[in-house]
Amino acid sequence: MHIRLVGFLLIYFAFVHTLFSQGFKINNFGPNVYKASPNNYFGFEAANGIWYFANENGILQYDGSLWKLIPIDNYSSVHSLAQLKGDTTKIYVGGYNEFGYIEKIADTESYQYHSLKKTSIGQLSEIWNIVTTDHSVYFECREKILKYDGKSIQVYDERDDVYLFLINERPFASIYGKGLAQITDSSMQIFNTDFQFDEDAVFKALPLATDSLQRHLLVTSFNGLYTYQNDTSKVVHWNTEIDELLKSDGIADVVVWRDSSYAITTRSSGLIFLDFEGKVQKGLGENAPSSSSTDKIKTLFDALDTKIEGLVNEDNGLPSNQLRSMFQDIRGNLWVSSLYGISYLDWDLSYNALEFEPKTILTKALLNTSDTVNSRSIQFEFATPGYDQSDLEYSYYLEGFEKDWLPWTDHVEKEYTNLDGGIYKFHVKARVDGGKETQEVIYTFGVPTLWYKNIWTYLFGVAVLSVLIFFGLRYRTIRLKKLNRRLESIIENRTKELVLQREQLKSANEELIVTNTELDNFVYRSSHDLVAPLKSIRGLVIVAKKDNPSTNQLTYLTMMEQSVLKLEDFIKSIMEYSTNAKKDLELSEIVLKDLVEEVMEELRFYDNRDKVELIKDFDEAQIITSDEERLKIVMSNLIINAIKYHNYKQEHPTITIRSNQNADHYTIEVVDNGHGIEPQHVEKVFDMFFRASDHSEGSGLGLYIVRDTVAKLNGSVTVHSELNTGSVFKVILPRPE
């Protein structure tokens, strides 16, 4: 059982998080939402407005309502996706040692994968990039470049690391240590040897915004941004305010965002915005178009509170600073792939450049008309491409089954069962934020009438049923007499069996008690054995931090120290849980003041301990008769919980301990003026492994151990909390007679 608990902790990082701040919203989709790997490499919006993402487990499809996973051959990981202009039927796929395309099977909701890999091509690493021109698709991996023209595969065999990109819809290559090359039908011809790096290259080119000189912006991974003169092939470094950050942290992707700035994902710092002059975006550049939308964006960036101006990262809503590719959807919002899921950045601003008109579609209409009443059903799924489900409400009704539109709901699926024969029309429409409704979609279908639904069938059925009831009752009477005689014999035999089973159960229960005791002892001893090497590791880390490490080394050492502390805390929780489970109660008189001071002394080096004031609001002579070790576990976990989740941005953080007693029981309260607990989480805080959010620290065992230990003391624990005000944990313990 304990092994399962540890395994559960290791996978519990998945989350869906929504942040609202100053007019923008970040929706974080984790693997527990889309049911696939957290690793996502690439994403794009297809011609039909549906979003696709390259995932470690296959291709993720999201229509704004439902996620679907489309696997490819050998269940290979997918690293890149692309679609030819004008071709809405195929999506080209690059994976590990695999490439091809998916195509929707006619009249179904399924996709079929077609592999383009041939034996003659040989072993490939990951196809990490796909570049498309008007009629050709270029698949790129470390070993070679593969060109597909719809009929055959052409191989450009290149031993050096080569990166592909497009300039004016023409394919170019950037080659390690050689320079820039243009790709022709048969080869790669180098035309610029001045612009080259030994271990870096251009992986993307964008038109230089508002540039009359017909230049492009070239993007490298660790050497910043450059401008490329189309007619002279001259390359010049493009100076920005964050050159050092881009070189040290690395660029993952760049897009032109809302025709007003460059959005840049970095490999370790998050997402940052530059205006068209290379300045960090706090408002827009002078060359940006003037509109109400632009004014709103300026206000947004002015309001962002980040360590680097214009930076969006873990501090304001993203699940990770380690980002990968991104794209701007038809509404001008950003989708960002990362090592820990997919993020959707919705600024909720007007964006009329593409004159986008939302349109609701039916993504599934599955009719079942078999000859059983319960199977005569139809299932609908619907979506509004370009919008996330959280931004929409739907209303629908089935004409011929319902009389009017049903109330607005966030449901994106609807099923009707037990349908009679006839013609039906399903109507559905969406309402986006602001109250705008989409044009309704109408789907017409017919259900055949069951053959047995007529008057003669009903009359015949009644007659047959009457005869069956008559003979059934007569047969039943005769059979009951025989059964009564057999029942006496069966009862006697069963009584003997129950006596024997009770003895066997008693023996098995005694063996189970012994086994459970041995298991608890094993866990307790193992936890003690793990603490010593962890303390040794933490001591070595502290010594290493004092030995003048580099900035990166100091970061790694700090992360190691934090991980060791978290593991020590988790092992301590397991030891407390094991101690509470196996030891008998040992009652003694406890001076509450001494116990609280002992707990605070043990926590003197705990993070943020020095930032909070402890107030003892009880009689210093207060004595409680209880189990001292268990009461110490309860008080330690409640105080640690209050310190860990306190609000240290306020002027005077406090933790107050109150106590009183009457003839029947003692009452102890731990009160803080911290963040408080959201109402929907209050009833769950004592559950095993529960954490209010994925950013919460700790193992999720502390309050569970509190409840379990208080129960062992024959008491009770409750919590009252108000958001942004604080929490009160009340423990009631019985007084011994």
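The values are calculated or read from the model by the stated rules, or taken from the named source; none is laboratory data. All figures in this text were calculated on a predicted structure; none of them were measured in a lab. Because the Cβ atoms are built from the backbone with ideal geometry, glycine has one as well, and the counts that use them run over all protein chains shown. Each accessible area value is taken on the protein alone, full model and side chains, heavy atoms only, with ligands, DNA and RNA left out. Shrake-Rupley method; radii C 1.70, N 1.55, O 1.52, S 1.80 Å.
Observations, loosely collected:
- Taking 4 °C and 1.567 mPa s as conditions, the range 364-438 diffuses translationally at an estimated 96 µm²/s according to Stokes-Einstein applied to its Kirkwood radius (Cα pairs).
- Heavy-atom accessible area order for Leu271, Leu587, largest first, 1.4 Å probe: Leu587, Leu271
- Accessible surface of the range 168-212 [probe 1.4 Å, protein heavy atoms]: carbon and sulfur percent: 42 percent
- Toward the positive end of the charge dipole of the range 155-226, with +1 on the Cβ of Lys and Arg and -1 on the Cβ of Asp and Glu, the farthest Cα among Phe191, Gly179, Leu218 is that of Leu218.
- Counting only heavy atoms of the protein chains and using a 1.4 Å probe, Asp410 has close to 90 Å² of accessible surface.
- The range 149-193: trypsin sites (Lys or Arg not before Pro) in DSSP coil with no more than 10 other Cβ atoms inside 10 Å: Lys151, Arg159
- For the range 579-736, relative contact order (Cα pairs under 8 Å, six or more residues apart, normalised by length) works out to 24 percent.
- Kirkwood's formula applied to the C-alpha pairs of the range 58-137 gives a hydrodynamic radius of 13.4 angstrom.
- Using the Karplus relation 6.51 cos²θ - 1.76 cosθ + 1.60 with θ = phi - 60°, the per-residue 3J(HN,Hα) values for the range 68-74 come to 9, 9, 10, x, 10, 4, 6 Hz, with x marking Gly and Pro.
- For the range 578-641, the square roots of the Cα gyration tensor eigenvalues, ordered a ≥ b ≥ c, give a/c of at least 1.5 with a/b no greater than b/c, which places it in the oblate category.
- Counting only Cβ charges, +1 for Lys and Arg and -1 for Asp and Glu, the dipole size of the range 631-737 around its Cα centre is about 240 debye.
- Legend: calculated FRET efficiency, Asp161 to Glu503, from the Cβ-Cβ distance at R0 = 51 Å, rounded to 0.05, equals 0.10.
- Rg and Dmax of the range 126-206, both derived from C-alpha coordinates alone, stand at 11.8, 37 Å.
- Under the simplified labelling scheme, the Gln189-Ser152 pair shows an inter-label distance of 2.1 nm, with each label point 7 Å from Cα along Cα→Cβ.
- Among the GluC sites (Glu not before Pro) found in the range 585-688, those both in a DSSP coil and sparsely packed, with 14 or fewer other Cβ atoms within 10 Å of their Cβ, are Glu586, Glu620, Glu651.
- Separation in nanometres of the label points that stand 7 Å from Cα toward Cβ, at Ser588 and Leu339: 4.8 nm
- Applying D = kT/(6 pi eta Rh) to the range 575-692, where Rh is the Kirkwood radius over alpha-carbon pairs, T corresponds to 4 °C and eta to 1.567 mPa s, the Stokes-Einstein value obtained is 82 µm²/s.
- Positive-pole candidate from Thr667, Ile590, Leu614, dipole of the range 579-681, charges at beta carbon: Leu614
- Fraction in percent of alpha-carbon pairs per bin - 5 Å, the range 429-514: 3, 9, 7, 6, 6, 6, 6, 6, 7, 7, 7, 8, 10, 9, 3, 0
- Rounded to the nearest 20 debye, dipole of the range 434-506 from Cβ charges on Lys, Arg, Asp, Glu: 720 debye
- Only Cα sites of the range 33-173 enter the Debye sum here, all with the same form factor; the resulting log10 I(q)/I(0) across q = 0.12, 0.16, 0.19 1/Å is -0.45, -0.82, -1.15, listed in q order.
- Distance (nanometres) between label positions extended 7 Å along Cα→Cβ at Asn484 and Lys359: 7.7 nm
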